[in-house]
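Here's the structure, in structure tokens; my notes come after.
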Amino acid sequence: MMNVVIIEDEPLAAEKLRRYLEKYSTEITVLTELTTLSTAIPWISEHKEKVDLYFMDVQLSDGLSFEIFSATTINKPVIFTTAFDEFAIDAFKVNSIDYLLKPVTFTDLSRSLRKLDAMQKQFSRPEAVKEVIQHLEKKSFKDRFLVKIGNHIKSIGSADIVAFQADGRDVSLFTHTGKEYIIEYKLEALMDLLDPKAFFRVNRSFVVSLQSIADVVMYSNRRLKLTLNPNIQKEIVVSREKVGAFKQWLEGN
């Protein structure tokens, strides 16, 4: 029997992993699906002795999954899922801990599990996981976005962005000069591109910049209400399930 934990903030991706694991072997049991750092860290700390294998999405809504290793001890193999660039993928290869490049296929998952079977001893080396983390921490993040203004194109630096908002099918960025521009990204894709130390997704609609937070106020139903500088005239509330992770992000290391 193999007990597996899936750490993935996209419900469809998590469901697909579970389905593929069940298809691969009836000997595999998915113990739980965790969606954030704030839920994964305490769960792993309490139940890690029951786990044989972790599947971790590199980019979660409240940070990068390798932050888990700083908060608790993991001495079992990890297979990452990632939309990262080739540099990060090479880091996985060097350290002999596999990855699944999204969108995941059953063939990819089968390959990873066969590799796990063949290299179980190497997967269990804590120093191998640490080496992967060191490589991942060197990843560069997107520092500029192109926006259209009529027939013109303008480059906006990430440091000049106050927030991103999803409104229906459109995603906009707001700048320190009070301008709003529509960009050709979805919030989910942005979270793979932005530095998680500088930006945080507070709810389904908003990603905010740390340097732009002017005030945080206790709000109804154990939520938090943010005021940004400059004020973009939008109500921005940290959803209840993200409050814990938001406070950790706000406090920093």
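The values are calculated or read from the model by the stated rules, or taken from the named source; none is laboratory data. These numbers come from a predicted model, not from an experiment. Note that we place each Cβ from the backbone using ideal geometry, even for glycine, and neighbour counts take in every protein chain shown. Heads up: the accessible areas ignore ligands, DNA and RNA and are worked out on the full protein's heavy atoms, side chains in. Shrake-Rupley method; radii C 1.70, N 1.55, O 1.52, S 1.80 Å.
A compact table of results
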quantity	calculated
Amide H contacts under 5 Å for Thr81, placed H, 5+ residues apart	Met56, Asp57, Val58, Leu100
Degrees between helix 126-136 axis and first principal axis of the chain (Cα, 0 to 90, nearest 10)	30 degrees
Of all accessible heavy-atom area on the chain, the percent that carbon and sulfur account for (1.4 Å)	49 percent
FRET efficiency estimate (nearest 0.05) - Cβ-Cβ, Asn221 to Ser110, R0 51 angstrom	0.70
In degrees, nearest ten, helix 37-47 long axis to first principal axis of the chain (Cα)	30 degrees
Placed amide H near Met2: partners under 5 Å, 5+ positions off or other chain	Ile28, Thr29
Simple Cβ-charge dipole of the chain, Lys/Arg +1 and Asp/Glu -1, about Cα centre, in debye nearest 20	180 debye
Protection-proxy order for peptides 71-81, 54-64, each taking the mean of Cβ atoms within 10 Å per residue, highest first	54-64, 71-81
Lys, Arg +1 and Asp, Glu -1 on Cβ, resulting dipole of the range 169-234 about Cα centre, debye, nearest 20	320 debye
Rounded tilt (10° steps) of 106-118 against the dominant C-alpha axis of the chain	50 degrees
From phi via Karplus (6.51, -1.76, 1.60), per-residue ³J(HN,Hα) for the range 16-26 in Hz, x at Gly/Pro	5, 4, 4, 5, 5, 5, 5, 5, 5, 7, 6
Per-residue HN-Hα couplings for the range 50-58 [Karplus 6.51, -1.76, 1.60; θ = phi - 60°; Hz; x = Gly/Pro]	8, 9, 9, 7, 10, 10, 10, 6, 4
Long-range amide H partners of Ser205 with built H, under 5 Å	none
Förster radius 45 Å - calculated FRET efficiency between Lys142 and Met1 (Cβ-Cβ, nearest 0.05)	0.60
Ellipsoid semi-axes in whole angstrom, largest first, where each is sqrt(5λ) of the Cα gyration tensor of the range 150-199	17, 14, 10
Hydrodynamic radius (Kirkwood) for the range 142-253, which is based on Cα pairs only, to one decimal in Å	14.4 Å
Mean-position separation - Cα centroids, the range 142-202 and the range 222-253, in angstrom	18 Å
Value in Å of the Kirkwood radius, where the chain supplies the Cα pairs that are averaged	19.4 Å
Among Leu53, Phe200, Phe174 the positive-end extreme of the charge dipole of the chain (Cβ point charges)	Phe174
Counting DSSP beta bridges with both ends in the chain, the antiparallel % (nearest 5)	65 percent
